[in-house]
Amino acid sequence: TQLLEQSPQFLSIQEGENLTVYCNSSSVFSSLQWYRQEPGEGPVLLVTVVTGGEVKKLKRLTFQFGDARKDSSLHITAAQPGDTGLYLCGRGSQGNLIFGKGTKLSVKP
Amino acid sequence: NAGVTQTPKFQVLKTGQSMTLQCAQDMNHNSMYWYRQDPGMGLRLIYYSASEGTTDKGEVPNGYNVSRLNKREFSLRLESAAPSQTSVYFCASSVSALDPTYEQYFGPGTRLTVT
């Protein structure tokens, strides 16, 4: 069962552009994590959000947790080739994480 | 401090062969996990170990067994490999499975092909 929907599935942009990717569910999250996975590597945690309406910033990345805690977004400002990778969201579920299928981002120089 | 290590990095098996994937962490974490990652499917949990001495099934446990050898090591065994088990396998660890806000630290993965 796919509990988390991520969109878009693929995104290819030029360096300097802005972008937003989304993570949605029909049920409430207790917490949500965003990971980035580079080709040939394991995922690395970017941020954890736990409070509805929460906004966290990590340099050029802005993470938002929806007020109802059913959705989250990741906005990247002035994307760089180093941002290329697979962005995964994961929600807490019975002591584990359930992951979405991810958004594959390619930033061309 | 190596974090999470996995061996081997690549493996090719014939249908019906068996093998064990090894995972070790040096962060004194209580909980460890095995995932598989397939194109278009994201990460799916195979088994996890909330603490030393315990193991539990995840979303896709069929065809796999696990052993939590000690606090550091968590192995995944394929008793009779099938082509459907061709995938990239990731091991991860965290401070505690009881709180999913704890970061999971992932290993570099094992790329397994079953022919």
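Any read-out appearing in this document is the output of simple, stated calculations on the displayed coordinates, not a laboratory observation. Quick caveat, the model's predicted, so the values are computed rather than measured. Neighbour counts are summed over all protein chains in view; Cβ atoms, including those assigned to glycine, are modelled from backbone coordinates with ideal geometry.
Over the range B:72-112, what is the relative contact order in percent, taking alpha-carbon pairs closer than 8 angstrom and at least six residues apart?
Relative contact order of the range B:72-112: 41 percent.
Can you sort B:VAL95, A:VAL47, B:VAL66 by how many other beta carbons sit within 10 Å, fewest first?
So the residues, fewest neighbours to most, are B:VAL95, A:VAL47, B:VAL66.
Under a Cβ-Cβ cut-off of 14 Å, what is the net charge of the residues other than A:ALA79 that fall near it, where Lys and Arg count +1 and Asp and Glu count -1?
+2
Remind me, relative contact order of the range A:1-96 in percent, using alpha carbon pairs under 8 angstrom and six or more residues apart?
Relative contact order here is 34 percent.
Would you mind ranking A:ASP83, B:ASP99 so that the residue whose beta carbon has the fewest other beta carbons within 10 Å leads the list?
Result, fewest neighbours first: B:ASP99, A:ASP83.
For chain B, what relative contact order do you get, as a whole percent, if you take Cα pairs closer than 8 Å and at least 6 residues apart?
Reported relative contact order: 35 percent.
Report the net charge of residues surrounding B:THR113, where surrounding means a beta-carbon distance below 14 angstrom and charges are Lys +1, Arg +1, Asp -1, Glu -1.
Its environment carries a net charge of +3.
Using the number of other C-beta atoms within 10 angstrom as an exposure proxy, rank A:VAL28, A:VAL49 with the fewest first.
Fewest to most other Cβ atoms nearby, the residues stand as A:VAL28, A:VAL49.
In a Debye calculation with equal point scatterers on the alpha-carbon sites of the protein assembly as shown and no solvent, what is log10 I(q)/I(0) at q = 0.08, 0.11, 0.12 Å⁻¹?
-0.29, -0.54, -0.64
Around A:GLY53, with a cut-off of 10 angstrom between Cβ atoms, what is the net charge of the other residues, counting Lys and Arg +1 and Asp and Glu -1?
Taking every other residue near A:GLY53 into account, the sum is -1.
Using Stokes-Einstein with the Kirkwood hydrodynamic radius over Cα pairs, what translational diffusion coefficient do you get for chain B at 4 °C and a viscosity of 1.567 mPa s, in µm²/s rounded to a whole number?
D = 93 µm²/s.
Could I get the Rg over Rh figure for chain A? Both from C-alpha atoms, Rh via Kirkwood, rounded to two places.
The Rg/Rh ratio comes out at 0.95.
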